[in-house]
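Student: Provided herewith is a single structure, encoded as structure tokens, for subsequent inquiry.
The values are calculated or read from the model by the stated rules, or taken from the named source; none is laboratory data. Keep in mind that this is a model prediction, so the values were computed, not measured. For neighbour counting, all protein chains shown are included, and Cβ atoms are generated from backbone atoms with ideal geometry for every residue, glycine included. For accessibility, only protein heavy atoms count, side chains too; no ligands or nucleic acids. Shrake-Rupley method; radii C 1.70, N 1.55, O 1.52, S 1.80 Å.
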Amino acid sequence: KNGAALWVCRLSTQALPSSSDQNLKFCIVGSGPAGFYTLDRLLKAFGSRIHVDVLDRLPTPFGLVRSGVSPDHQDTKNVINQFTAVARDPRASFYGNVALGRDVSLQELRSLYHGVVLAYGAESDKKLGIPGEGGRNVFSAREFVWWYNGHPDGKHLPVDLRGVSSVAVCGIGNVALDCARVLLHPLDELAATDIAAHAMEHIREHGRGIKDVHLLARRGPVQAACTPKELKELVGLPDLAVHAPPAQMEVSVADQAEMKKTRMRRRVYDLIKQAAEGASSDQSSQGSGDKQRHLHFQFYRSPKEVLLDSEGRVSGVRVEVTQLADVEGKGRVAVATGRTEVIPAQLLLVSIGYRSLALPGVPFDDGRAVVPNTSGRVPMELVEAAAAACPEESSSSGPAGAIAPHPQQQHEHHHPHQQQQQQSLESSPGSTNSLSGGRLYVVGWLKRGPSGIIGTNAVDADETVSCIVEDVLNGLLQGAPPGSGNGGISKEQQTGNLEAESSSSSSSRDLRGDAKSALATKAGSQGLLALLANRRSQAGPDHQVVDFAGWERLDATERAAGQQAGKVRQKVVDVEDMLKVVHAGA
């Protein structure tokens with residue numbers, strides 16, 4: 001295994017002092033896949049001598065598995081069962097409805113824990129940056145996905161399918177395909193999933209008029225960013241005609257080489273071509289009117305302007321025709337030809353990439369929209385500099401998990417839990433001006449950017465936890481000078497054979513000598529709950545903490561309601577209503 005692999009090392013129960021105050025105490029901010037995989041790896045690495053708290057700004061765990069995975073992909077959501085088993089471990093605690101930047105500051109978390117792992121993902125979007133993008137019925141794909149998946153911040157998104165016959169989706173990744181598939185899916189099948197009730201009702205009542213969905217891509221079919229599985233599901237929908245102009249499906253010598261090198265690119269290309277040729281054959285033999293709906297692949301088309309009607313609503317997209325060219329230092333990129341076309345659309349969804357949000361007191365690379373890190377370890381000099389530059393982390397901004405204001409509506413439909421109180425965290429008990437504190441780590445999209453699938457986060461967590469293990473072995477957690485706590489463990493032992501270590505759970509590494517004194521006493525969960533209780537008494541009922549047992553009560557309620565409605569679950573989509581369910585059975 002390479003250096004990114006997790007060191008499978010269980011710390012002996014005799015390795016650290018017996019006092020519970022000397023257990024490692026870690027906090028993970030974010031309970032999506034990256035957060036839960038990190039929790040799992042931490043528990044495996046440190047055995048009985050660690051406790052990990054997982055925070056989420058929503059009362060519900062599981063992040064994009066709940067609010068991002070398409071409702072017709074219930075098999076993908078089965079990973080929740082694995083995460084649930086980890087969350088029930090007595091060495092772990094889940095605290096939902098706790099927002100970093102609103103209820104607690106990063107400085108406070110660092111004072112309460114030996115280490116903090118940021119895993120809050122990407123909850124904003126890349127923009128097209130073209131005229132008309134702020135028009136009515138123009139949304140990011142993330143916002144639209146949150147709307148139909150019942151995310152509390154998406155409930156009031158002003159999606160209006162009345163009079164919509166043509167939809168344009170900018171992008172051809174899996175999220176773009178999800179949006180297209182939901183709009184083109186047979187309604188009875190869609191209604192049996194866990195799609196949000198408000199979205200299903202609106203689609204059923206007003207979405208029947210949708211006849212055409214256009215997928216716009218700046219490059220060609222060989223460069224399409226989707227995966228074969230999701231593409232096959234989309235083009236295989238019943239009563240759907242697939243169109244891909246032959247001229248746009250032509251491949252160059254470079255395209256051929258690309259498909260030969262990467263089998264997935266060949267598979268994606270073949271699926272599009274076969275689906276389009278099949279639709280063309282059906283139309284020739286049976287007539288073009290037999291298909292109810294049409295999916296149009298629009299390759300080599302770059303959006304340049306969103307066209308708006310007299311009421312400010314999208315009516316179409318002006319695109320510029322592109323072609324691929326070799327550009328020095330950039331490789332093959334889409335370049336403009338100067339020719340333009342107009343694609344009619346009364347709904348426009350922009351799916352060109354997610355973007356993480358900056359957080360007060362956290363180092364942030366705004367260009368890449370990630371926290372600067374080396375293999376998941378955030379350099380302490382950057383952490384201290386960011387903390388010094390932000391001595392008072394006010395609750396007024398709190399971007400961790402906050403939905404980015406829509407350019408058109410500015411999201412006037414904010415839920416009360418987003419109406420963050422203007423109370424300074426600095427003035428509350430438990431806050432600290434000290435720049436000293438636990439070390440900072442990062443995992444998931446906030447670490448590497450928005451790429452990969454759910455399972456990618458498992459590998460990513462391995463790498464980050466490897467850094468944490470190394471820092472513990474080297475006595476780098478707060479309270480020990482660098483290099484003082486290697487406990488006599490040689491480099492060879494630290495990087496020993498992975499298979500040999502994983503084959504025997506009794507082969508555990510001990511922290512000896514100076515490592516025992518390397519861990520400062522940290523308040524952990526006890527200190528966090530005391531701090532939150534004090535703030536809750538001032539902030540009101542909307543700031544009640546939800547533990548995992550509370551989530552399981554909500555989960556049972558949703559499943560029962562879903563069974564009555566003939567679907568997988570009926571999601572509660574309002575935070576206030578969630579809290580009522582959670583605490584009614586407490």
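Student: When the Karplus curve 6.51 cos²θ - 1.76 cosθ + 1.60 is applied with θ = phi - 60°, which whole-Hz ³J(HN,Hα) does each residue of region 574-581 get, with x for Gly and Pro?
Tutor: 10, 4, 4, 5, 4, 5, 4, 5
Student: If amide H atoms are built 1.01 Å from N in the plane of the peptide, which residues on other chains or at least 5 residues away come under 5 Å of the amide H of Leu307?
Tutor: Excluding prolines and chain starts, which carry no amide H, the hits are Ser315, Gly316, Val317, Arg318.
Student: Also: Can you list residues from other chains, or at least 5 along the same chain, whose modelled amide H is less than 5 Å from the amide H of Val370?
Tutor: Here the answer is Asp365, since their amide H atoms fall under 5 Å of that of Val370.
Student: What is the set of long-range amide H partners of Lys571 at a cut-off below 5 Å, with H atoms built 1.01 Å from backbone N?
Tutor: Ala197
Student: Could you give me the ³J(HN,Hα) list for region 30-44, computed from phi with Karplus coefficients 6.51, -1.76, 1.60 and θ = phi - 60°, whole Hz, x at Gly and Pro?
Tutor: Each residue's phi maps through the Karplus curve to give x, 10, x, x, 4, x, 6, 5, 5, 4, 4, 5, 5, 5, 5 Hz.
Student: Continuing with this model, one more query. Rank-order 524-533, 25-34 by packing density, defined as the average count of other C-beta atoms within 10 Å over each peptide's residues, highest first.
Tutor: Ranking, from highest mean packing down: 25-34, 524-533.
Student: Residue-wise, which Karplus ³J(HN,Hα) couplings in Hz belong to region 221-234, taking 6.51 cos²θ - 1.76 cosθ + 1.60, θ = phi - 60°, and x for glycine or proline?
Tutor: x, 6, 9, 4, 8, 6, 9, x, 4, 5, 5, 4, 4, 5
Student: Give the calculated FRET efficiency between Asp365 and Val459 to the nearest 0.05, with a Förster radius of 30 Å applied to their Cβ-Cβ distance.
Tutor: 0.90
Student: Over 27 Å between Cα atoms, which of Lys77/Lys211; Lys229/Lys260; Lys127/Lys447 qualify?
Tutor: Beyond 27 Å between Cα atoms: Lys77/Lys211.
Student: I want to check the label-to-label distance for Ala257 and Arg162. Put each point 7 Å from Cα in the C-beta direction and report it in nm to one decimal.
Tutor: Distance between the two pseudo-spin positions: 5.5 nm.
Student: Further question: How many percent of the accessible area of region 152-277 is carbon or sulfur, using a 1.4 Å probe?
Tutor: Roughly 51 percent of what the probe reaches on region 152-277 is carbon or sulfur.
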